[in-house]
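Colleague: Have a look at this one.
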Amino acid sequence: MWTWVVKGIRAFLSCVVLTVILGAAFPCSSAELGGYTFADDSTRLYLNPYFSYHNRPGDFITTLYGYGDFAGHEVIQSHHQYYELGGISCNVILERGYFPDFSSGTVEMIYYTAYHYYAKDVDDNIHLLMYAFYPIKGQGVSWSYEDLPEDATTVKYPADPQPGQEVVFGEVAATGVSVGDIRGCTTIVFDSLPHAPAESITEYLAPGSGILASSFNWEGRINGFAHDASAPEYAKKEDSAWKEWWDDHCFISACSPWRESDKPLDFLHRFLMK
């Protein structure tokens, strides 16, 4: 009888040990913050439709090149490490680049290093839970979700952004924006960043890619950083619906009844009225 008891205890302990091992390898816990639920995939930022399609952290890198007064400078983001805050696993993104200082009356680009502590909730919204900004000159700034008012949001990049939606330090300005040939972009205006002056910064997010551009446009200038080193406001607009119809349906035929006296619009009018 005692043999069976010992065997039973051993089997029970084996199950406990196996459960602990599997639990460590495949955690099943979740955490709540501000009404949002964060599960085991909170570091998989690529599941947000506006962040990045890279599903391996080592492949994630975003490089934006300066335009306007910022030409010749750049901002680079890359995966840094994982870190846990309040029971939530964060994907820490390292940002290195240049930040403008207009305090002297002319623009001076100051090199900085920053850390974004991002976490994705179960609805694929990306939250900013901590931020640290360290310029090579001047005072650094750090902030965490604990510094926010009780009713403030930590969402930075919504999975389904809506114009006017509040995000941390700003709001969604517009959706469905076209920047050249890139459609479906979203713009977010950050107007209360802890490391920036009163002026706002507008980010252009491209579906499946992430930050397309950051527009500063301070002091009456068109300045910023973009993937192609050009202002998104000046990106070539797509052809109008009428121009697309013209390209698809209209052509000049060798046997068209064209006369030198015909005016192009008169000829088009007669052609359409047949």
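Rule-based calculations on the coordinates, nothing more; no lab input. From a predicted model like this one, the values you see are computed outputs, not experimental measurements. Because the Cβ atoms are built from the backbone with ideal geometry, glycine has one as well, and the counts that use them run over all protein chains shown.
Colleague: How would Y50, Y234, Y98, Y83 line up from fewest to most surrounding beta-carbon atoms within 10 angstrom?
Modeller: With the fewest neighbours first, Y50, Y234, Y98, Y83 line up as Y234, Y83, Y98, Y50.
Colleague: Let me ask another. Could you tell me the calculated FRET efficiency between D228 and A159, based on Cβ-Cβ distance and R0 = 25 angstrom, to the nearest 0.05? Don't skip to the answer; put the middle values down first.
Modeller: Numbers: r = 26 Å, r/R0 = 1.04.
So, using R0 = 25 Å, E works out to roughly 0.45.
Colleague: Still on this structure: What percentage of all Cα-Cα pairs in the stretch 31-234 are separated by more than 21 Å?
Modeller: Values: 10591 of 20706 pairs.
Here the tail beyond 21 Å accounts for 51 percent of pairs.
Colleague: Can you list, largest first and rounded to whole Å, the semi-axes you get for the stretch 107-170 by taking the square root of 5 times each eigenvalue of its Cα gyration tensor?
Modeller: Each semi-axis is √(5λ); the values are 26, 14, 12 Å.
Colleague: What nm distance separates the two modelled labels at L47 and S30, each placed 7 Å from Cα along Cα→Cβ?
Modeller: Here the modelled spin labels are 1.0 nm apart.
Colleague: Can you put R221, R56 in order, fewest other beta carbons within 10 Å first? Kindly include the intermediate steps, with their values, before the conclusion.
Modeller: Values: R221 14, R56 8.
Lowest to highest Cβ neighbour count: R56, R221.
Colleague: Sticking with this one: Over the stretch 31-234, what relative contact order in percent results from Cα pairs under 8 Å that are six or more residues apart? Mind dumping the intermediate values first?
Modeller: On the way: 497 pairs, mean separation 41.1, N = 204.
Once normalised by length, the contact order is 20 percent.
Colleague: Right, another one. Obtain the nm distance between the two label points defined at S192 and D147 by a simple spin-label model: each point lies 7 Å from its Cα along the Cα-to-C-beta direction.
Modeller: Label-label distance for S192 and D147, simple model: 1.3 nm.
Colleague: Same structure again: Hey, how many Å between the Cα centroid of the stretch 143-159 and the Cα centroid of the stretch 215-234?
Modeller: Here the two parts' Cα centres lie 27 Å apart.
Colleague: Counting just the Cα atoms, what span does the stretch 156-201 cover along each of its three principal axes? Round to the nearest Å and put the largest first.
Modeller: 32, 21, 13
Colleague: Something else: Can you compute log10 of I(q)/I(0) for the stretch 190-234 with the Debye formula, treating each Cα as one identical point scatterer, at q = 0.16, 0.25, 0.27 Å⁻¹?
Modeller: Ignoring solvent entirely, the Cα scatterers give -0.44, -0.92, -1.01.
Colleague: Moving to a separate point now. May I ask you to sort V179, V75, V122 by Cβ crowding, counting other Cβ atoms within 10 Å and putting the fewest first? Working shown, then result.
Modeller: On the way: V179 25, V75 21, V122 14.
Least to most surrounded, the residues fall as V122, V75, V179.
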